[in-house]
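Asks: Here you go, one structure.
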Amino acid sequence: MTDASFAPDTAPLEVLPRDISAYRQGNTGIDYVHRFESGRPGPHVLVNALTHGNEICGMVAATHLLDTGVRPKIGTLTVSFAHVEAYNAFDIERPYENRQLVHNLNRIWSKAMLDGSEHSPELKRARELRPVLDAADFVLDIHSTRAPVQPFWVYPEFERNAGLALAVGNPLVHLVMPVGGAPGTGVTGYGRHGEPDVPDVQGGAVVVECGQHFSQAAADLATDVTLRFLAHLGLTDPVAAAPEKAPARRFRLLEVHMVKTEGFAFARPVLGFETFQKGELIAVDAGQEIRSPCDDCTIFMPTRAPLVGREGVYLTVPV
Ligand SMILES: [Zn+2]
């Protein structure tokens, strides 16, 4: 079903997936997972790409690390390509279809799902990757967005995560997720990464949304953020970062509205970062109105092609 409020995706395909089968054989016993140990004390840092199959900027950053031979001076560096099966399902005629195959790999990291009896390509891969997440002190999970919006961090609302993202720097927008506020359990909410009582020095897990999936700018930012992340944690030499021209802006998630019917439609065309005043109509879903719960409500990741059961829109408030 098409709706006039959903403009067609017109973002140019500047960066396309490439064959990554050469990276299948890692050294961890898990396909597409590579680990480098410095032999010196220090944090174990995981750079995770392709949690979503068509978010290829992470692939660009991960292959950059592997191709240029980046090695940790301290601690351990692990580089993983998470959902290669979905990545390999890319079809240039339908470049937005291979985000996931069955489950959203970024929603199934609860003990109940991982230990449960359901099966899917994503659950199989999450179960394989579990020890990789268990071993990591710090996690950078690299994503991109369907709409061409400014990049932002997303993380569970713990001070350690806020401090980590602030210290790494650009992007300068933070989307803070109160514990239990987002649907499912993401990579950054798995195990101890989702626990409140981890001292700052021992860990942190953040998502970086680098921009539009197929933009060169997203690929460039993913690589840049990854290098700054590793440098901040002391694994690599400091990198020269561009001076930041503005303070970081933080938004706290208020509500996520899931798409309930095919009739889901926004009140006006949106891409993300639009603001609504208290009571203003944001969207309708089969006759039910989604109205702004507060002034300056800012929306993130509005769906561009509503699929029943998936996220429709994230409502946030600036903090
Ligand atoms: Zn994603």
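Asks: Sorted by mean Cβ packing within 10 Å, highest first, what order do the peptides 306-313, 48-55 take? Numbers along the way, then the final one.
Replies: Details: 306-313: 17.9, 48-55: 26.4.
By packing density, highest mean first, the sequence is 48-55, 306-313.
Asks: Another question about this same structure. Return the whole-Å distance between the Cα centroid of region 83-126 and the Cα centroid of region 172-215.
Replies: 18
Asks: How much FRET efficiency would the formula 1/(1 + (r/R0)^6) give for D220 and A11, where r is the Cβ-Cβ distance and R0 is 25 Å, rounded to 0.05? Display every interim value, and only then the final one.
Replies: Working: r = 15 Å, r/R0 = 0.62.
The calculated FRET efficiency here is 0.95.
Asks: In whole percent, how big is the carbon plus sulfur part of the accessible area of region 253-318, probe 1.4 Å, protein atoms only?
Replies: The value for region 253-318 is 53 percent carbon and sulfur by accessible area.
Asks: With a ≥ b ≥ c taken as the square roots of the eigenvalues of the C-alpha gyration tensor of region 179-273, please select rounded if a/c is under 1.5 and otherwise prolate if a/b is larger than b/c or oblate if it is not?
Replies: Numbers: a/c = 2.30, a/b = 1.35, b/c = 1.70.
In terms of gyration-tensor shape, oblate.
Asks: Keeping every protein chain in place, order M177, M301 by accessible area at 1.4 Å, biggest value first, i.e. largest first.
Replies: Values: M177 25, M301 60 Å².
Ranked from most to least accessible, the order is M301, M177.
Asks: Excluding residues fewer than 8 places away in the same chain, name every one of the lysines whose C-alpha is closer than 28 Å to that of K73.
Replies: none
Asks: Mind checking which lysines have their C-alpha under 20 Å from K111, skipping anything on the same chain fewer than 8 residues away?
Replies: K124
Asks: If you don't mind, there's one more thing I want to ask. Hey, what's the chain come to in accessible area per residue, 1.4 Å probe, Å²? Present the calculation step by step, with values, prior to reporting the outcome.
Replies: Details: 13890 Å² over 319 residues.
Result: 44 Å² of accessible area for each residue.
Asks: For region 99-171, what class follows from the C-alpha gyration tensor (a ≥ b ≥ c being the square roots of its eigenvalues): rounded when a/c is under 1.5, otherwise prolate if a/b is larger than b/c, else oblate? Show your work: numbers first, answer last.
Replies: Values: a/c = 2.65, a/b = 1.50, b/c = 1.77.
Oblate, because a/c is 1.5 or more while a/b does not exceed b/c.
Asks: Another question, if that's okay. Note the full-extension length gain between S38 and C294 as 0.36 nm times their separation in residues minus their Cα-Cα distance, in nm to one decimal.
Replies: Details: separation 256, 0.36 × 256 = 92.16 nm, distance 4.96 nm.
Length difference between fully extended and current span is 87.2 nm.
Asks: What is the chain's relative contact order, in percent, from Cα pairs under 8 angstrom and six or more apart in sequence? The partial results should precede the final answer.
Replies: Details: 705 pairs, mean separation 58.9, N = 319.
Across the chain, relative contact order equals 18 percent.
Asks: Hey, if you put +1 on the Cβ of every Lys and Arg and -1 on every Asp and Glu Cβ in the chain, which of V256, G234, M113 ends up farthest toward the positive end of that dipole?
Replies: Result: G234.
Asks: Mind listing the long-range amide H neighbours of S144? Cut-off is under 5 Å, sequence gap 5 or more, other chains count too, H placed in the peptide plane at 1.01 Å from N.
Replies: Result for S144 returns C210.
Asks: Mind checking which lysines have their C-alpha under 25 Å from K278, skipping anything on the same chain fewer than 8 residues away?
Replies: Qualifying lysines at Cα under 25 Å: K260.
Asks: What relative contact order, as a whole-number percentage, does region 130-276 give when Cα pairs under 8 Å and 6 or more residues apart are counted? Can you show the working numbers first?
Replies: On the way: 203 pairs, mean separation 49.6, N = 147.
Worked out over region 130-276, it gives 34 percent.
Asks: Defining a contact as two alpha carbons under 8 Å apart and six or more residues distant in sequence, what relative contact order in percent does region 89-195 show? Don't jump to the answer; show the numbers that get you there.
Replies: Details: 98 pairs, mean separation 34.4, N = 107.
The value is 32 percent.
Asks: Quick one: pull the percent of accessible area on region 8-232 belonging to carbon and sulfur, 1.4 Å probe, ligands and nucleic acids left out.
Replies: Working: 4490 of 8780 Å².
Of the solvent-accessible surface of region 8-232, carbon and sulfur hold 51 percent.
Asks: Expressed as an acute angle from 0 to 90° and rounded to the nearest 10, what is the orientation of the C-alpha long axis of helix 159-168 relative to the principal long axis of the chain?
Replies: Long axis of 159-168 versus the principal axis of the chain: about 80 degrees.
Asks: Could you give the length gained by full extension between M258 and D31, i.e. 0.36 nm per residue of separation minus their alpha carbon distance, to one decimal place? Walk me through the numbers before you get to the answer.
Replies: Details: separation 227, 0.36 × 227 = 81.72 nm, distance 3.32 nm.
Difference between extended and current length: 78.4 nm.
The values are calculated or read from the model by the stated rules, or taken from the named source; none is laboratory data. Note that the structure is a prediction, hence the values are computed from the model and not measured. Cβ: placed from backbone, ideal geometry, glycine included. Neighbour counts: every protein chain shown. In case anyone asks, the SASA skips ligands and DNA or RNA and just uses the protein heavy atoms, side chains included. Shrake-Rupley method; radii C 1.70, N 1.55, O 1.52, S 1.80 Å.
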